[in-house]
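**Q** The structure that follows is given in the form of structure tokens.
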Amino acid sequence: MSATTAHSLTHDAALRRRARAVIPGGMFGHQNAASLPASFPQYLARGDGCHIWDADGNGYIDFMCSYGPIVLGHRHPAVDAAAARQQALADCQNGPSERMVELAELLVDTVDHADWALFAKNGTDATTICVTVARSGTGRKKVLVAKGAYHGAAPWCTPNPRGTTDADRAHLITYEYNDLASVEAAVAEAGDDLAAIVASPFRHDARFDQELVDPEFAVGLRRVCDTYDAALILDDVRCGFRLSLAGSWAPLGVQPDLSAWSKAIANGYALGAVLGNDRFRDGAKRIFVTGSFWFAAVSMAAAVATIETLREVDAVAIMTAAGQRLRDGLAAQAAAHGLAVNQTGPVQMPFLTFAGDEAFAMANVFTGEAATRGVYLHPWHNWFLSAAHTADDVDAALLVTDDAFAAVRRQFG
Ligand SMILES: Cc1ncc(COP(=O)(O)O)c(C=O)c1O
């Protein structure tokens, strides 16, 4: 775990070679082998709290949290115990267990705008169902999405349209995040066929500095949806339960009609959820959505324990404190090394870029050096804190990032 740990990835390299023979390209999606510096492992063996170990046994302080799901820490005892209790009974059956009702009740009690819940497996399921419910409820087709926003990997929303058809996105119209005039223009284009506006809680597009939502923009989206009788869909898949347990726009007083959830709701167990208000209850009743594993009880038991624990320990406050410590420490180190950096987004979901580093060359060196020395960051995707990150963990990570900044300075002057 320390800077003196030898960082060898020989087993990882062997696994990558084997994978190339039996997995197209060796890896798919955002884990594509070319997407991270060479000192990052592709294969991981285990996790504990905010620590992870790769297939070669190298340890890391984990600031990616599995790209969000791990909100309480890897192998959280209360979550894993609840999952194990349910596993001892049954997981995948002919129908759901009573955990599903408990979980729906808990979500409705926790998230301000929610009157009902339904469940799936992934964030893409959840955003796709939100759009389907909005169209079902309004009887209209056009959906507004922010340019460059990620809502999943289904044909209607994948950032790489290869293999999809124009028809898959025929009824999407884009707007610019935080720009109400562009929303009005998109609404005009939709005419009398506007079903929904989809928004993320803040702008967290990969490869860009993050941009917090302008509260007036959020209020404006609500107003536009009310005026045109359309659904406001909040894609809370990435931010959910890190900014506010009541929903990410609850602190702004802006309530969506529908919200999409996955990632953090079950601390790493596979689960997606759609939450909605009474206005869209009938729209939700009339659609057909299901999946072989969508009623599986273990992930629902894990979700109940996750949400209860998040509430009990005030996880958002813990993540905020740890995230602020990290941000302050990184800012001081970058300044001491004479490096201009941008730290953006909420401190619980931090991101750091180097000024003028359009090709992410400096970011690759910084995060690559950090990985070699036992801290798992990411060069072009936002990072995640969990409630398992203590001040000591952050301080240990900062010892490493100081060396990583020094490496950037040496290489780029
Ligand atoms: C904002 C947002 N929406 C939707 C998704 C899709 O979620 P999943 O990868 O679980 O399908 C993601 C995944 O990163 C996301 O960040």
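**Q** Per DSSP H run of at least 4 residues, take -39500 (n - 2.57); add these up for the chain, divide by its residues and hand me the 222 nm value, nearest 500 deg cm²/dmol.
**A** Helix contribution divided over all residues of the chain: -12500 deg cm²/dmol.
**Q** Tell me, what ³J(HN,Hα) does each residue in region 12-29 have, in order and in whole Hz, if you take phi through Karplus 6.51 cos²θ - 1.76 cosθ + 1.60 with θ = phi - 60° and put x for Gly and Pro?
**A** After applying 6.51 cos²θ - 1.76 cosθ + 1.60, I find 4, 4, 5, 5, 4, 4, 4, 5, 4, 7, 10, 10, x, x, x, 5, 10, x Hz.
**Q** Output the 0 to 90 degree angle, nearest 10, between the alpha-carbon long axis of helix 77-89 and the longest principal axis computed from the alpha carbons of the chain.
**A** 60 degrees
**Q** Another question, then. Within the P(r) computed for region 265-317, what percentage of the Cα pairs occupies the region above 18 Å?
**A** On the way: 681 of 1378 pairs.
So the portion of pairs separated by more than 18 Å is 49 percent.
**Q** Which aspartates and glutamates, on any chain, are close to LYS263 with Cα under 15 Å apart, when same-chain ones fewer than 8 places away are left out?
**A** Correct list for LYS263: ASP125, ASP235, ASP236.
**Q** Taking all protein chains in place and a 1.4 Å probe, what share, in percent, of the accessible surface of the chain do carbon and sulfur account for? Walk me through the intermediate numbers first.
**A** Numbers: 9200 of 17260 Å².
For the chain, the apolar C and S fraction of the accessible surface comes to 53 percent.
**Q** Could you work out how far helix 99-110 tilts from the main Cα principal axis of the chain, as a 0 to 90 degree angle to the nearest 10?
**A** Taking Cα atoms only, the helix is inclined about 90 degrees.
**Q** Separate question: Are there trypsin sites (Lys or Arg not before Pro) in region 248-356 that DSSP marks as loop and that have at most 16 other Cβ atoms within 10 Å, and which are they? Let's see the in-between values first.
**A** On the way: sites: LYS263, ARG279, ARG281, LYS285, ARG286, ARG311, ARG325, ARG327; in loops: ARG286.
Counting only loop positions with at most 16 other Cβ atoms within 10 Å, the trypsin sites (Lys or Arg not before Pro) in region 248-356 are ARG286.
**Q** Something else: Any number yet on Rg/Rh for region 1-138, C-alpha, Kirkwood? It would help to have the intermediate numbers written out before the result.
**A** Numbers: Rg = 19.7 Å, Rh = 18.8 Å.
We get a ratio of 1.05 for region 1-138.
**Q** So, in nm, how far is label THR164 from label ALA317 when the simple model puts each one 7 Å beyond its Cα toward the Cβ?
**A** Reported label-point gap for THR164 and ALA317 is 4.2 nm.
**Q** Assuming a viscosity of 1.002 mPa s and a temperature of 20 °C, what translational diffusion coefficient in µm² per second does Stokes-Einstein assign to region 351-413, Rh being the Kirkwood radius over Cα pairs?
**A** Values: Rh = 12.1 Å.
Estimated via Stokes-Einstein, D reaches 176 µm²/s.
**Q** Using the C-alpha gyration tensor of region 59-165, what are the square roots of 5 times its eigenvalues, in whole angstrom, with the largest one first? Mind showing how you got there, number by number?
**A** Values: eigenvalues 176, 96, 43 Å².
For region 59-165, the semi-axes come out at 30, 22, 15 Å.
**Q** With no solvent and one equal point scatterer per Cα, compute the Debye intensity ratio I(q)/I(0) for region 225-297 at 0.11, 0.12, 0.16 Å⁻¹ and report its log10, rounded to two decimals.
**A** -0.32, -0.38, -0.66
**Q** I'd like the per residue volume of the convex hull spanned by the Cα atoms of the chain, given in cubic angstrom. Numbers along the way, then the final one.
**A** Numbers: hull volume 60.8 nm³, N = 413.
Here the figure is 147 Å³ per residue.
**Q** Another question, then. Using the Cα atoms of region 108-199 to build a convex hull, what is its mean projected area in square nanometres?
**A** Details: hull surface 27.7 nm².
So the mean shadow area of the Cα hull is 6.9 nm².
**Q** Based on the Kirkwood radius over alpha-carbon pairs, what value in µm²/s does the Stokes-Einstein equation return for the translational diffusion coefficient of region 81-140 at 4 °C and 1.567 mPa s? Please list the in-between numbers first.
**A** Numbers: Rh = 13.7 Å.
Once the numbers are plugged in, D ends up at 95 µm²/s.
**Q** Further question on the same structure: Ratio of Rg to Rh for region 282-392, alpha carbon only, Kirkwood?
**A** Working: Rg = 19.3 Å, Rh = 17.0 Å.
Rg/Rh: 1.14.
**Q** Could I ask something else about it? Using only Cα atoms, locate the centre of region 157-228 and the centre of region 71-110, then give the distance between them in Å, rounded to an integer.
**A** Distance between centres, Cα-based: 34 Å.
**Q** With axes computed from alpha carbons, what is the tilt in degrees of helix 297-313 against the longest principal axis of the chain, rounded to the nearest 10 within 0 to 90?
**A** Approximately 70 degrees, to the nearest ten.
**Q** Still on this model: For the chain, what relative contact order do you get, as a whole percent, if you take Cα pairs closer than 8 Å and at least 6 residues apart?
**A** It rounds to 24 percent for the chain.
**Q** What is the ratio of the Cα radius of gyration of region 246-286 to 2.2 N^0.38 Å, where N is its residue count, to two decimals?
**A** Numbers: Rg = 12.0 Å, N = 41, 2.2 N^0.38 = 9.0 Å.
Region 246-286 yields a ratio of 1.33.
**Q** Quote the charge dipole size of the chain about the Cα centre in Debye, to the nearest 20; the model charges only the Cβ of Lys and Arg (+1) and of Asp and Glu (-1). List each step's numbers first, then the result.
**A** Values: 33 positive and 46 negative charges, 235 e Å.
The dipole of the chain has a size of about 1120 debye.
**Q** Can you give me the convex hull volume of the Cα atoms of region 48-88, divided per residue and expressed in Å³?
**A** On the way: hull volume 3.5 nm³, N = 41.
Hull volume over Cα atoms, normalised by residue count, gives 85 Å³.
**Q** Can I ask one more? Could you tell me whether region 187-274 comes out rounded, prolate or oblate from its Cα gyration tensor? Rule is a ≥ b ≥ c as square roots of the eigenvalues, rounded for a/c under 1.5, then prolate if a/b exceeds b/c, otherwise oblate. Intermediate values should be presented prior to the final figure.
**A** On the way: a/c = 1.82, a/b = 1.57, b/c = 1.16.
Prolate, since a/c reaches 1.5 and a/b exceeds b/c.
The values are calculated or read from the model by the stated rules, or taken from the named source; none is laboratory data. This one's a predicted model, so the numbers in the text were calculated from it and none came from an experiment. Please note: Cβ atoms are built from the backbone with ideal geometry, for glycine as well, and neighbour counts cover all protein chains shown. To get the accessible areas, we keep the full protein, side chains included, count just its heavy atoms, and leave off ligands, DNA and RNA. Shrake-Rupley method; radii C 1.70, N 1.55, O 1.52, S 1.80 Å.
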